[in-house]
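Right, one structure below, let's go through it.
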Amino acid sequence: MAEQQASVGVVEVLMLRSGAYSHRTAMGEHTIRAFRLNRPDLVAGRKDAFCFLACSALRDWRGGR
């Protein structure tokens, strides 16, 4: 059973711009729905985290200015 699951590959993809998960397979769609991965609070948190990390990386890249 574990070998079958490992061979399935990626079942969902995180869309960085929107903060929401998108499915690639039916299994991914069911996983997203079962675990409620696209709840508004989680989506907002992912968007905030991405913006914070992107801004921090750009600031570090520019030498802290």
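No value in this document is a laboratory result; all are computed from the given coordinates. Bear in mind that the values here come from a model prediction, so they are computed numbers and not experimental data. Here the Cβ positions follow ideal geometry from the backbone for every residue, glycine too, while neighbour counts run over all protein chains shown.
In region 11-65 the Cα-Cα distances spread across 5 Å bins starting at 0 as 4, 20, 21, 18, 13, 9, 7, 5, 2, 0 percent of all pairs.
Which loop-located trypsin sites (Lys or Arg not before Pro) does region 9-63 contain, where loop means any DSSP state but H, G, I, E or B and the Cβ has at most 11 other Cβ atoms within 10 Å?
The qualifying sites are Arg17, Arg36, Arg62.
Potential lengthening of the chain between Ala44 and Val10 amounts to 9.9 nm, from the contour at 0.36 nm per residue minus the alpha-carbon distance.
Between Met27 and Arg59, the distance separating the two model label sites (each 7 Å from Cα on the Cα→Cβ line) works out to 4.1 nm.
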